[in-house]
């Protein structure tokens, strides 16, 4: 039996790989799973974990002596047993584990792209075709690209943070388990000119973000309501597909926020 710890969105998840009937199958699963979450692996955790994933052999059906066609068995709210079956299984399970944790701990996963300036994150969202991947790519050489498809957002101690995840993105992006303070949410629109409009209608913000949630349940909707009600820097951003214009304009925005922070400090 072997195990690893991973940290995603400040959640600690322990993955255990139990001995398998097929020789070294559990070792191969560990290698594949570790490769998938390599940027999020942390050293041995001394405290409790937020979730436990246990990989083991699929049980036999005593009556027919045939293997049950089950991918996993969820017995506890913070533990899931995953059967060695298909290498795609652990990806699906991990996604669902993160959804469960976000739902229970003031989080959500939003269809969006995001970039970082120092330790601050800026999230771009909108319907399909709005330009989420485009704006992230245009800014990628001057800002740190965090995502171009989905982002994790959580509230911790009255502040909102953005996190990366191991899910597949459209483009290759360097990932880590670092947290970034969320400084702005931008509903993006392609345009011939750069323009920024402050959004103050909380109901409109909630309605538009609701459409961009990857999964919704009652708790995640509550989390989104809290975000829409308390997060202030929400804007509509109109941008041209001109790298120099978008980079210089967005640099001015981030510089403004940095200067505001320094004055407060």
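Quick notes on this structure:
- Estimated FRET transfer efficiency when R0 is 35 angstrom, pair residue 41-residue 210 (beta carbons, to 0.05): 0.55
- Extension gain (nm, one decimal) between residue 197 and residue 21, 0.36 nm per residue minus Cα-Cα: 57.3 nm
- Cα-based helix-to-principal-axis angle, 89-104 vs the chain, degrees rounded to 10: 60
- Helix 243-264 vs. the chain, principal-axis angle (Cα, 0 to 90°, nearest 10): 90
- Theoretical gain in end-to-end length, residue 247 to residue 1 [0.36 nm per residue, Cα-Cα removed]: 83.6 nm
- Mean residue ellipticity (222 nm) of the chain, computed from DSSP H runs ≥ 4 via -39,500 (n - 2.57), nearest 500: -9500 deg cm²/dmol
- Calculated diffusion of the chain, Stokes-Einstein form, Kirkwood radius summed over Cα pairs, 37 °C and 0.692 mPa s, µm²/s: 164
- The chain: angle of helix 218-230 to the longest principal axis, Cα-based, in degrees nearest 10: 20
- Label-point gap, in nm, between residue 92 and residue 104 - each point 7 angstrom along Cα→Cβ: 2.2
- Reported value for the range 114-265: 120 Å³ per residue, from the convex hull of its C-alpha atoms.
- Calculated FRET efficiency for the pair residue 28/residue 168, C-beta based, R₀ 25 Å, to 0.05: 0.75
None of the figures in this text is laboratory data; all of them are computed from the coordinates on show. Fair warning: this is a prediction, and the values are worked out from it, not measured in the lab. Reconstructed Cβ throughout: ideal geometry from the backbone, glycine too, with neighbour counts over all protein chains shown.
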